[in-house]
Number of protein chains: 2
Amino acid sequence: MPVVMASFRHHIFICTNRREPGHPRGCCGDGGEAVRARFKDEIARRGLARTVRANAAGCLDQCEHGPTVVVYPEATWYGRVRPEDVPEIVESHIAGGRPVERLVLPDACINEPCEHRRKKPAPPAKERT
Amino acid sequence: MPVVMASFRHHIFICTNRREPGHPRGCCGDGGEAVRARFKDEIARRGLARTVRANAAGCLDQCEHGPTVVVYPEATWYGRVRPEDVPEIVESHIAGGRPVERLVLPDACINEPCEHRRKKPAPPAKERT
């Protein structure tokens, strides 16, 4: 009998929210879709699909660091994830339990007015002096 | 100085995936959108929006029990959630730390071929005898 795994061992949420071009907070959409597709491929390739899910998510509200990914239940946040980063995340973190530190969003950037998160959009060029 | 809260104290994912009418696994879509709207209202009303997020999600793959909701990092799954259930979830679980047991999906229903999850769609009426 296989071991019964309720819930997911890792539930990976990838922001696939789309905003209009030029929005001051940016947009995870296009990059996020490609990142999610790569996660699904890597998870299937390793036979992890029963216990790990790569889930589309609406806006995760860390837009300035997008495409953003959060892995639960451990609540590890990744920022500026590219499709080519995904095999390393799956190998090191999902299969091996070691988050990929170079991509982890620091606490100071999560839900905080960090250097990347502008409070207000920059003024249009014609208003700059 | 306010206490700095990195990440979210509770990150609530609500399935808002849409399927065509009559799909054998069902569809969380319409109900899920209304549930999410109610979560957002209740969270804002209680001043919890800085530490709690009600997030849209794509298919959470527990469709037969939808609309489905999962709360992380505690990985509490709720099924058949109606908008009118949301104030109780926010009051008891999100604010009070006590999940609403009557709505919690049992482990035997999460990612398992339970009595609610049909392996194959029922045959169309004309094929029934």
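Assorted remarks:
- A:Gly26 being touching a helix residue (DSSP H, G or I) at 6+ places or on another chain (Cβ under 7 Å), modelled with pLDDT under 95, open to solvent by less than 50 Å² (accessible area, probe 1.4 Å) and more than 14 Å from B:Asp61 (Cβ to Cβ): yes
- Some residue of the stretch B:25-40 being closer than 19 Å to A:Pro73 by Cα and within 13 Å of chain A (Cβ to nearest Cβ): no
- Test for A:Ala49: is it among the small types (Gly, Ala, Ser), open to solvent by 30 Å² or more (accessible area, probe 1.4 Å) and closer than 25 Å to B:Tyr78 by Cβ: yes
- Count of the stretch B:59-108 residues which are at negative phi, open to solvent by 10 Å² or more (accessible area, probe 1.4 Å) and more than 11 Å from the chain's Cα centre (by Cα): 18
- Where a residue in the stretch B:3-21 is among the acidic types (Asp, Glu) and its partner, wherever it lies, is modelled with pLDDT under 85 and open to solvent by 30 Å² or more (accessible area, probe 1.4 Å), with Cβ under 9 Å and at least six apart: B:Glu20/B:Cys27
- Tally, over the stretch A:74-83, of residues that are within 13 Å of chain B (Cβ to nearest Cβ) and either more than 25 Å from B:Arg53 (Cα to Cα) or of a type in the set (A, V, I, L, M, F, W, C) (or both): 2
- Here the stretch B:84-108 is the region considered, the condition is being part of a loop (DSSP other than H, G, I, E, B) and within 14 Å of chain A (Cβ to nearest Cβ), and the residue that is nearest to B:His10 (Cα to Cα) is B:Pro99.
- Selection of the stretch A:32-46 for residues being under 15 Å from the mean Cα position of the chain (by Cα) and open to solvent by 30 Å² or more (accessible area, probe 1.4 Å) yields A:Glu33, A:Ala34, A:Arg36, A:Ala37, A:Arg38, A:Lys40.
- Among the residues making up the stretch B:52-73, those that are facing another protein chain (nearest Cβ under 8 Å), without any contact (Cβ under 8 Å) to a residue 60 or more places away in the chain and assigned to a loop (DSSP other than H, G, I, E, B) are B:Gly58, B:Cys59, B:Leu60, B:Asp61.
The values are calculated or read from the model by the stated rules, or taken from the named source; none is laboratory data. Bear in mind that the values here come from a model prediction, so they are computed numbers and not experimental data. Every residue, glycine among them, receives a Cβ derived from its backbone with ideal geometry; neighbour counts consider all protein chains shown. Keep in mind that these areas ignore ligands, DNA and RNA; they rest on the heavy atoms of the full protein, side chains included. Shrake-Rupley method; radii C 1.70, N 1.55, O 1.52, S 1.80 Å.
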